[in-house]
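Remarks on the structure that follows.
All of the numbers you see were taken from the coordinates with simple rules; none came from a lab. This is a predicted model, so every value here is computed, not measured. Cβ placement follows ideal geometry from the backbone for every residue including glycine, while neighbour counts extend to all protein chains displayed.
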Amino acid sequence: MKKYLKILTAFLLLISVFCLAGCNPKAKVQYISSSKEGDAVYVAEMICEKNLSSTVSIYSSYSENGENVYGTGIILTENGYVLTTVYSIFGSYTEREISALPILSGNIVVSNNGSFVKVNLAVVNIDFKSGLAILKITDNDKVFVPVTLETENLPVVGEYTASLVNAKAMGISAVEGYISKLYVTRNLSDTEITVNNLMQVDIRANEGSFGGGLFNNKGRLTGIILDRQNTANTSSLDPIYNITYAYDIERIIDYINTGNYGFKIGA
């Protein structure tokens, strides 16, 4: 009998240890361990929190059809270089005279409660062929938080992604989805400009989402939203939702480091 009591006591003690370790209702899961030792896979909330201060809401004075233009940008360096798209400046990808640049401003979220600082933006480069643009925050008295680049692995089909975007000019909001296809060739919206090797991403993109960063489950930048499927020419019986096109991190690094913009990334 004593032998059985000892076994029962040991069993109950073991259950108590497990409950203390994993059954505490107050415990909060911070991340899920990945298959790689020492790595961490973050949940969407942590991905957004990590990159909120590295995302800029862009507002342009350029007016087309009486409406101002807006978009999203990604901070690349501590001294305020920002990557965005031509669409976020002009509202389209049609080439224009560089001498007629609009006045740009931006908002950067500086805390998790949604407060922000307003900054002035100057155009450093506009590339109508790729649809990408580089801006510079001219407030030199501030130090900014750059994104972390994913330089170890290229994106793959089925990979999870989250993005922070200035959708409908309502400030930064979060969306999420998956990479659905690679090496896509596409004409930029309403143009004959053809771009190759785009990622197709099943993620929602509204007006203002262009220039938003795509972040993997480690919170690292893997791409930038460039374009979306236009539903205007689609039958109402067969609408298209959540088809977005993006450059991957390899193309972004190549675009920046082969130009003469005063900084390099990922090197």
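Net length available on complete extension from Val145 to Val110 is 11.6 nm, with 0.36 nm assigned per residue and the Cα-Cα distance removed. For an R0 of 22 angstrom, estimate the FRET efficiency from the Cβ-Cβ distance between Glu45 and Val123 and round to the nearest 0.05. It comes out at approximately 0.05. Holding the Cα-Cα limit at 26 Å, pick out from Lys129/Lys181; Lys142/Lys264; Lys129/Lys218; Lys50/Lys118; Lys136/Lys181 the pairs that are longer than that. The answer is Lys129/Lys218; Lys136/Lys181. What does the net charge come to around Leu132 if you take all other residues with beta carbon closer than 13 Å to its beta carbon, with K and R at +1 and D and E at -1? It works out to a net charge of -2. For Ser163, neighbours were defined as the other residues whose beta-carbon sits under 10 Å from its Cβ, and their charges (Lys and Arg +1, Asp and Glu -1) total 0.
Most tightly packed first, judged by the mean number of other beta-carbon atoms within 10 Å of their residues, the peptides 138-151, 192-205 read 192-205, 138-151. Full extension of the segment from Glu78 to Asn153, taken as 0.36 nm per residue of separation minus the current Cα-Cα distance, would add 24.6 nm.
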